[in-house]
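Everything below concerns the one structure shown next.
Every number in this text was worked out from the coordinates using simple rules, so none of it is lab data. These numbers come from a predicted model, not from an experiment. Heads up, the Cβs are rebuilt from the backbone with ideal geometry, glycines too, and the neighbour counts pull from every protein chain shown.
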Amino acid sequence: MKRKNDKTEIDSPVFHDTLPHISNFPSFKGTDIKMEEPFVNSKGVVIGDSKYSSPNSPLNNWSDDVDPSVMAGDEWIHPTNDIGWASAENADLLESKKREQPAKQFMHPQHETKD
C-alpha cells in the first residue's frame with residue numbers, strides 16, 4: 001500500500017485497541033492485529049480518522065470531470081478503521097485470534113461466553 005510521506009498531525013480515533021465511537025466495533029486487544037493510525041494517501045486525503053471528510057477528497061471537489069476510479073484501490077481503505085470490521089464475520093475472525101491463547105480466556109465446554 002503506497003502512502004504519502006507526510007508529517008501532518010492527525011487526530012487518532014483509536015482508544016485501547018478499539019474505536020469506541022463506532023457502534024458494535026470489535027476490540028483488537030488480544031489479537032495479533034495492531035490498530036493502525038490514520039494516514040494521508042497520495043491524493044492528500046486523510047484515511048482512517050473517522051471524520052470521513054478531507055478538503056482534498058474528490059468527494060468534496062466533485063465535478064463532471066472527476067473520474068470515480070481515482071478513489072479506487074488500497075490507499076483509500078484503512079486496514080483497521082473500516083466499518084467492515086463490525087460485520088459478524090470479521091468479529092468472529094478477531095474472536096478466533098483471541099482464542100489462540102486459551103489460558104487467558106474463560107472456556108466452557110458447551111457455551112460461549114457471549115451466549
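In whole Hz and in residue order, list the ³J(HN,Hα) couplings for segment 53-63 that follow from phi through the Karplus curve 6.51 cos²θ - 1.76 cosθ + 1.60, θ = phi - 60°; x for Gly and Pro.
8, 9, x, 8, 5, x, 5, 8, 10, 6, 7
Please list 38-51, 70-83 highest first by mean number of surrounding beta-carbon atoms within 10 Å per residue.
Going from most to least packed, we get 38-51, 70-83.
Could you work out how much longer the chain between MET71 and GLU36 gets when fully extended? Use 0.36 nm per residue separation minus the Cα distance between them, nm to one decimal. Can you show the working numbers first?
Values: separation 35, 0.36 × 35 = 12.60 nm, distance 2.06 nm.
Working it through step by step, the gained length comes to 10.5 nm.
Between SER53 and ASP92, what length in nm is gained on full extension when 0.36 nm per residue of separation is reduced by their alpha carbon distance?
Details: separation 39, 0.36 × 39 = 14.04 nm, distance 2.98 nm.
Using 0.36 nm per residue and subtracting the Cα-Cα distance, I get 11.1 nm.
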